[in-house]
1. Identify the trypsin sites (Lys or Arg not before Pro) of the range 143-252 meeting these criteria: DSSP loop state and at most 14 other C-beta atoms within 10 Å of the C-beta.
2. Grab the other residues whose beta carbon is less than 14 angstrom from that of Lys226, score K and R as +1, D and E as -1, and report the net.
3. Past 18 Å, Cα to Cα, is the threshold; run Lys172/Lys227; Lys62/Lys89; Lys226/Lys246 against it and keep the listed order.
4. Wrap a convex hull around the Cα atoms of the range 199-245, take a quarter of its surface area, and give that in square nanometres.
5. So for the range 100-252, taking the charge dipole from beta-carbon charges (+1 Lys/Arg, -1 Asp/Glu), which of Val132, Gln222, Trp245 sits furthest toward the positive end?
6. Is there a quick way to get the dipole size of the range 119-198? I mean about its Cα centre, with the Cβ of Lys and Arg at +1 and of Asp and Glu at -1; what is the value in debye to the nearest 20?
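Read-outs throughout are calculated quantities, based only on the coordinates presented, and are distinct from any laboratory measurement. Keep in mind it's a predicted model, so treat the numbers as computed, not measured. With ideal geometry, Cβ positions are generated from the backbone for all residues, glycine too; neighbour counts draw on all protein chains shown.
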Amino acid sequence: MIKTVKMKTSFDKEKLRKHLPGGLFLSLVVIISLWLVISTVSWMTDEDRLPLSHMIIQGQLKYITADDIREAIDSMDSIGTFMTQDVNKLQDALLSLPWIAQVSVRKQWPETIKVFVVEHQPEATWNNSVIVNPEGVVFNAPMSDLLEPKPALFGPETSSKEVLAFWHQLQKQFAPLNITVRSVALTDRLSWLIVLDNGIRLELGRDAREERVNRFVALYKQLTNKKNSIDYIDLRYDTGAAVGWKPDDVED
């Protein structure tokens, strides 16, 4: 039994000496690999080594500025590095700006982000508080930002598309008369009220809207010489209309 143990021990030592270099080399490879992984992760997440320090802004900017975009990104908790930043989070931050309709963010190695912006296009104001785009979609941008006067549209909360479409229709119908529509209102009782650029108020009521608009066009052509004296035209009749005249000027 003693001889057998000595022979086995001698064999194990010889085997250990034979495989020790390979084991040490494998251990060294593992250690180096782990060090490389840790170093790479540290490098990728170190904002001082791999910062997003440059920004290229593209798109036609009319209502927002490059500073607005930078401030929106700077307001994020962490911008991150080129490797760690999620462009979807950048896009969400920029979409919080009221004038931005669409935005696309792309990263460009090694430290640049490209931002392409599409602004909302204002078509009219809505209920004297927000703005609608050409599709009738409401967006909550400040009316004070508007660079030029826009028609004023009014109506129930979900009627912006309908009211805008009617405004477009009236603009086409009234173009031959050299008048434009300043305001269109759909009341809670679903009655239509129009104000023209010359101050004339049209009361269309609820029914036969198209027929009443055509009736106004025919009547207005006959009243051309008196149009400056018209205060309102009430078309809420089966036939004809009631014309309200401005009061005569009162001399001092």
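1. Values: sites: Lys161, Lys172, Arg182, Arg189, Arg201, Arg206, Arg209, Arg212, Arg215, Lys221, Lys226, Lys227, Arg236; in loops: Arg189, Arg206, Arg236.
Here the sparse-neighbourhood loop sites are Arg189, Arg206.
2. On the way: positive: Lys221, Lys227, Lys246; negative: Asp231, Asp248.
Neighbour charge sum, excluding Lys226 itself: +1.
3. Numbers: Lys172/Lys227 20 Å; Lys62/Lys89 24 Å; Lys226/Lys246 11 Å.
Too far apart for the 18 Å limit: Lys172/Lys227; Lys62/Lys89.
4. Working: hull surface 11.8 nm².
Computing the convex hull of the Cα atoms and averaging its projections yields 2.9 nm².
5. Val132
6. Values: 5 positive and 9 negative charges, 58 e Å.
Dipole size: approximately 280 debye.
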